[in-house]
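The values are calculated or read from the model by the stated rules, or taken from the named source; none is laboratory data. The structure presented is a predicted model; accordingly, all values stated were derived computationally and were not measured. Cβ sites come from the backbone with ideal geometry, for glycine too, and all protein chains shown count toward neighbours. SASA here: full protein model, heavy atoms, side chains in, ligands and nucleic acids out. Shrake-Rupley method; radii C 1.70, N 1.55, O 1.52, S 1.80 Å.
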There are 4 protein chains.
Amino acid sequence: MLQTSSIESSQADLDEFYRTLETKELSPLWTAPDVGASHSPKSRAVPHRWRWADIRPLALRASELVGTKQAERRVLRLLNPAIKGRSATTNTLFAGIQIVMPGEVARAHRHTPSALRLVIEGEGGYTNVNGEPLAMLPGDLVLTPNWTWHDHANTTGKPMIWLDGLDLPLVNLLESAVFEEYHAESQPLSEAQGLSLVKHGAGALQPAWERPTARHSPLMHYPWPQAKAALDGVSGMTAGSPFDGVILEYTNPSTGGPCMPTMACFIQLLRPGERTRSHRHNSGAVYHAVQGRGVTEVDGQDLEWGDKDVFCVPGWATHAHRNLSATEPAYLFSFTDQPVLRALDLYREEEQ
Amino acid sequence: MLQTSSIESSQADLDEFYRTLETKELSPLWTAPDVGASHSPKSRAVPHRWRWADIRPLALRASELVGTKQAERRVLRLLNPAIKGRSATTNTLFAGIQIVMPGEVARAHRHTPSALRLVIEGEGGYTNVNGEPLAMLPGDLVLTPNWTWHDHANTTGKPMIWLDGLDLPLVNLLESAVFEEYHAESQPLSEAQGLSLVKHGAGALQPAWERPTARHSPLMHYPWPQAKAALDGVSGMTAGSPFDGVILEYTNPSTGGPCMPTMACFIQLLRPGERTRSHRHNSGAVYHAVQGRGVTEVDGQDLEWGDKDVFCVPGWATHAHRNLSATEPAYLFSFTDQPVLRALDLYREEEQ
Amino acid sequence: MLQTSSIESSQADLDEFYRTLETKELSPLWTAPDVGASHSPKSRAVPHRWRWADIRPLALRASELVGTKQAERRVLRLLNPAIKGRSATTNTLFAGIQIVMPGEVARAHRHTPSALRLVIEGEGGYTNVNGEPLAMLPGDLVLTPNWTWHDHANTTGKPMIWLDGLDLPLVNLLESAVFEEYHAESQPLSEAQGLSLVKHGAGALQPAWERPTARHSPLMHYPWPQAKAALDGVSGMTAGSPFDGVILEYTNPSTGGPCMPTMACFIQLLRPGERTRSHRHNSGAVYHAVQGRGVTEVDGQDLEWGDKDVFCVPGWATHAHRNLSATEPAYLFSFTDQPVLRALDLYREEEQ
Amino acid sequence: MLQTSSIESSQADLDEFYRTLETKELSPLWTAPDVGASHSPKSRAVPHRWRWADIRPLALRASELVGTKQAERRVLRLLNPAIKGRSATTNTLFAGIQIVMPGEVARAHRHTPSALRLVIEGEGGYTNVNGEPLAMLPGDLVLTPNWTWHDHANTTGKPMIWLDGLDLPLVNLLESAVFEEYHAESQPLSEAQGLSLVKHGAGALQPAWERPTARHSPLMHYPWPQAKAALDGVSGMTAGSPFDGVILEYTNPSTGGPCMPTMACFIQLLRPGERTRSHRHNSGAVYHAVQGRGVTEVDGQDLEWGDKDVFCVPGWATHAHRNLSATEPAYLFSFTDQPVLRALDLYREEEQ
């Protein structure tokens, strides 16, 4: 009859065997710590919150100390306290705070990591993506997808500050990061400002004379007023998600899928006093409070957040949100690596 | 050596053979008129234009002569003059003009043919689709896709008149029409008015807590002001199509594809004085001038159109548009069977 | 309160109104016979069976009377007795019997209707598709998809006879038939015989150095021995379909879908004495008994079939099969328009 | 005018600033080593070859020292010499050599990492996947996809040895590894041996009565004789790839895509004396010489291989193959993470 076998060996024999294996670049699987050990997904990352009150003065101080000639990008990294040696906020996602001062440009380059920008402060300015200037006003989401040329310019009299979100840790994990500098500090403005928004941002109406060929969204600017109005409208009419309240995804209008193949972006509204149920999923997320004040309980730990704070929820961490205001809605922006896990058939989610 | 063979037979032998074939329900292919004859697609349909000035008084007269109890739908059919015995405006598309008077309801039913409504006159009223009332104001596009329950109600003091577009001729050609009456005159209003528009019509923002499962668009109401604003915006920034000017498709936001699997809907703007180039495609189309005055040349014949007129362009007919006004844009709505031909790998298009 | 309206009108008023409508190319929907009438799909076609014993001598007689110079294709049409004026075996499918005599070629052409060939008699010969000769032995399925150049050559000393299956009626219904003659009687043999079979027919192993770009299968020859062996193997191991016994689809290996966008092909085995349950679907089908003897009950009518007979089952006809032999399996080939109805979201099926 | 700014700061100011940042879990991006540095993809892995002559005796020795009760899997890991602390042969792929002795079973479990088995030695035995025993003969490829229950049993009198391929390093990088033990040592044999091969392995013929719902291939056993015959057939008829000779992919027959979402498997034939051109791609690969003798030049380094040797080619390493025999073909099996990079729009390939 077939069954597992049991063999008693001396430690000396085993040790000698293991030494022999080493000489041939071989090693036993049965002593490997990273195989077969985990009965559930587990992220090295820990939940963490960064206060806007801490970030802002330091971003301004950075703008006094370092120029955009010295720093390709003047960004403060929001690194996960438990991940060492990698530019990572969760396992696969990076968040940073970038500041561009009046008259400055953050010079043109492109890279295989995809990026998003959620504007926090500013009175204008733009990100130039492949020649099209995309306006940057507070609450706006701007994309600079994989391998698109981009530079950032502040044409106003006030600092521009935004949240950077990148899949850089993922692309580094996959050893696929490539970076290229543009031949000049900035690209010419070859397209009219607002063109892609006008073409692709008008409800479900899309140009019939051309088909997007890139894998990312042809719409790369999602203005805040449109997002806020949508949330306010939906929240009055339907319950939304038990775990997230009213939560909308910034989709790629040519597919209905995520705006970029590696990151999905969301905006959600928690009604005054709303308290969501707990769940967990192996995708991680970075959140930014566009407006409002609340608490997100993550694996039993309360992350309290207010206007413009940033926090992260690692993969498989159980979490629930609540709005601490009894009168005002709270608006949370977030981005996740959910599309990566779905594409690879590795996504898991469970109610708690 | 292989080659075609040549055989001389007497007509008497052939005739006798053909008679024998008949007795066995067989027949020769080489004498068949519908095989191998066509060197290009050819539609039986002819171009035709219906004047609003003719339609409107007759629609009002219909409302005096026939009730919605007698007529399941009080619709004037715009049948192609060259297609006999079928309710068809082009080979696969049907267009009609429907009128619902104050206080009336057009009773609830469902059917496998898909339908669209482009509102021409009215001050309100709604189409109830599966319990959700969809507002109907001039220029609005409303869908009642395959097998959705729907009834139409006029809650205002003025007549409601709209253009009906259906794939009925196609579904009849495919012998797949099924019709079912609802158990009551109208469905209850189980959803809030505007719900699907609020959920699915806000730019590229889409609900993250549910995924549409139907093959048709979850958005079934596309308001005119949004369409007009999009066209006006785009027309100032980019050329659009050489054949159609600025033309936008009403897409399914969950796929980026056509709003229904069998019909695609478009809205286009011809700038003052604009004159497009000629092309042809084997999809047919029905047009409705939402606003403006122009000429569409179809296979050498000028179809002149003004406000609210309807006209059809058969498949493979060469056509070009021009706006007759030197100062005002013209807005054309149209629907086609292009998705059918694309799905079956039969679509063809060529510049002329 | 909203409700349907009831209006009493004199017949004279209505008649006058209808006459006026006519002058404007308008007509009432409420008197139209083809709108809203059908409570279930309904095909004009009737079930019918053609005996091989009748077909074969007439095919041979045709080869004495008509050359392939006179007849572009020497085909006997198997037209549905209830469909008049169209080359149609079911509403959308055409079946014919083609015969090519020793030394003959059926000359090269291409057309938008897609075709399949199920070989009935022959000792070799080939169909040349875009320069590649595809072998034709009894039971083999050979495809000549939409717009591929093809000619048929008999390089043997015996007649070649096969079943032709085309979507010609569908393509004609969609007014999209285009036909083009090749500049010579036959194409050069530019590819090795068996190339596509070797490249794409070996289980799930597919060439890694190229990706098929056409919408149809890159595999265009499915040999009978492979099909028979698969059926025999599967039938010993699993029950298969309650409605069809062990039924396999000839798929497109680059998609897993139907071999062509408009027609799906199947081969099924009914075990000795097997009797299937009844169902119906709005796709129609043409069957050919490759081997065996049975009865297919269609809407209460028994179609008895033996070796090489052909029969059709119209859309929505209730049908069940039984193998009349207590000792031998029966093998049925069939093709249907199911992919068309699925693509358009019109497919319906129900157990009876 | 907009331009990059240049600021001179003292090191003391910068140091103080960096210290302050640290107190808030912030850090400068402009000093980060892992951001923006790489002008091309770069793998930590190095090319390496493991000799079968080394592996085999050590595998047999392992079977004397460790039982399958002690070792969940008796596997020798082939770890990349340049990757420390991870069970990884390339960045995302793991290769091991597993041995199961007569009468033994490697007990049942499941895990989110997907696995493949390429059999090297054995006279039978099977892998039981979800109750179906899949035969294991030399050269056979057997899949145990993500979250399928599986155990391995040696029912013969000789050792079974095979190459294990897993995406374990990838799933670990994505922090998504989950492992679960079955409640017994082995699963019951609930399905007949050969069922899925019979159902899904017969050319393009696929069951019509069921649609696979999993994301992985419904075919999980690809026998060697079929693969060899396909290669031998194709190699006589067409050139294949300039970089790989005749190379076939083990596809998922229900999609035409890779057999599993995270790994693609290939079998290739190098003709006697064949020498391929160089290219590189950011996917990495593990190779196993099923039969033959050759050299693969990787980034200028010659990896010579013979029967049953294993070697790895890291991502972006330039490589070309040559068959050292002037008379015998060489057969190489390989697996890669190409589907991962394609799914995420990160795949890059270039000719050298």
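Regarding A:D151, is this residue closer than 30 Å to D:A285 by Cβ and either surrounded by fewer than 21 Cβ atoms within 10 Å (Cβ to Cβ) or away from chain B (no Cβ under 14 Å) (or both)?
So A:D151 does not fit the description; no.
Could you tell me which residue of region B:186-203 is surrounded by the most Cβ atoms within 10 Å (Cβ to Cβ), considering only residues that are over 15 Å from B:T155 (Cβ atoms) and of a type in the set (S, T, Y)?
Looking at residues that are over 15 Å from B:T155 (Cβ atoms) and of a type in the set (S, T, Y), I get B:S196.
Check whether at least one residue in region B:170-182 is of a type in the set (S, T, Y), away from chain A (no Cβ under 14 Å) and more than 30 Å from A:S241 (Cβ to Cβ), and report yes or no.
Checked region B:170-182: at least one residue is of a type in the set (S, T, Y), away from chain A (no Cβ under 14 Å) and more than 30 Å from A:S241 (Cβ to Cβ).
Within region D:37-63, track down each residue that is more than 29 Å from D:S186 (Cα to Cα), within 7 Å of chain A (Cβ to nearest Cβ) and either β-branched (V, I, T) or assigned to a helix (DSSP H, G or I) (or both).
The one that is more than 29 Å from D:S186 (Cα to Cα), within 7 Å of chain A (Cβ to nearest Cβ) and either β-branched (V, I, T) or assigned to a helix (DSSP H, G or I) (or both): D:D54.
Output yes when any residue across region B:261-274 is more than 10 Å from chain A (Cβ to nearest Cβ), out of contact with any helix residue (DSSP H, G or I) (no Cβ under 7 Å at 6 or more places or on another chain) and on the phi > 0 side of the Ramachandran plot, and no when none is.
Yes, region B:261-274 contains at least one residue that is more than 10 Å from chain A (Cβ to nearest Cβ), out of contact with any helix residue (DSSP H, G or I) (no Cβ under 7 Å at 6 or more places or on another chain) and on the phi > 0 side of the Ramachandran plot.
Based on what the data block shows, is B:A227 of a type in the set (G, A, S) and either more than 30 Å from B:W149 (Cα to Cα) or at pLDDT below 95 (or both)?
no
Which residue is nearest to D:F179 (Cα to Cα), if the candidates are limited to region A:16-36 and must be open to solvent by 30 Å² or more (accessible area, probe 1.4 Å) and within 7 Å of chain D (Cβ to nearest Cβ)?
A:G36
Need the failing condition index for D:T238 against (1) under 20 Å from the mean Cα position of the chain (by Cα); (2) open to solvent by 20 Å² or more (accessible area, probe 1.4 Å), just the number.
The failed condition is (1).
Kindly provide the set of residues from region B:92-119 that are open to solvent by 10 Å² or more (accessible area, probe 1.4 Å) and among the aliphatic types (A, V, I, L, M), ordered by number.
Within region B:92-119, just B:M101 meets the criteria.
Only residues that are in contact with a Gly (Cβ under 9 Å, 6 or more places away or on another chain) and facing chain B (nearest Cβ under 7 Å): list them for region A:236-247, please.
Of everything in region A:236-247, those that are in contact with a Gly (Cβ under 9 Å, 6 or more places away or on another chain) and facing chain B (nearest Cβ under 7 Å) turn out to be A:M237, A:I247.
Which members of region D:333-347 meet the condition of being surrounded by fewer than 22 Cβ atoms within 10 Å (Cβ to Cβ) and touching a Gly at 6+ places or on another chain (Cβ under 8 Å)?
Result: D:P339, single match.
Just give me the residues in region B:207-226 being open to solvent by 20 Å² or more (accessible area, probe 1.4 Å) and facing another protein chain (nearest Cβ under 7 Å), in sequence order.
B:A208, B:W209, B:R215, B:Q226
Does C:S63 satisfy being of a type in the set (S, T, N, Q), under 30 Å from B:D13 (Cβ atoms) and within 27 Å of the chain's Cα centre (by Cα)?
Yes, satisfied.
Could you please find all residues in region B:53-101 being free of Cβ contacts under 8 Å to residues at least 12 places away in the same chain and within 16 Å of C:K24 (Cα to Cα)?
Scanning region B:53-101 gives B:A53, B:D54, B:P57, B:R61, B:L79, B:K84.
Which one of the conditions (1) facing chain C (nearest Cβ under 9 Å); (2) open to solvent by less than 10 Å² (accessible area, probe 1.4 Å); (3) assigned to a loop (DSSP other than H, G, I, E, B) does B:T89 fail to meet, given that it meets all the rest?
(1)
As an exercise: evaluate B:D13 against (1) in a helix (DSSP H, G or I); (2) more than 7 Å from chain C (Cβ to nearest Cβ); (3) within 17 Å of C:E64 (Cβ to Cβ); (4) not small (G, A, S) and give the number of the one condition it does not meet.
Single failed check for B:D13: (2).
Search region D:116-148 for residues being hydroxyl-bearing (S, T, Y) and touching a Pro at 6+ places or on another chain (Cβ under 9 Å), and hand back the single one that is nearest to the other protein chains (Cβ to nearest Cβ).
D:Y126
Kindly establish whether B:E350 is open to solvent by 20 Å² or more (accessible area, probe 1.4 Å), of a type outside the set (G, A, S), assigned to a strand (DSSP E or B) and in contact (Cβ under 8 Å) with a residue 60 or more places away in the chain.
yes
How do the pairs read when you match residues in region C:332-345 that are more than 7 Å from chain B (Cβ to nearest Cβ) with residues anywhere that are of a type in the set (V, I, T) and open to solvent by 10 Å² or more (accessible area, probe 1.4 Å), using Cβ under 8 Å and keeping only pairs 6 or more apart or on different chains?
C:L332/C:V290; C:F333/C:V290
Report, by residue number, each residue of region B:64-82 that is open to solvent by less than 10 Å² (accessible area, probe 1.4 Å) and more than 8 Å from chain C (Cβ to nearest Cβ).
B:N80
May I ask you to list the residues in region A:221-262 that are over 18 Å from A:T276 (Cα atoms) and of a type in the set (V, I, T)?
A:T251, A:T255, A:T262
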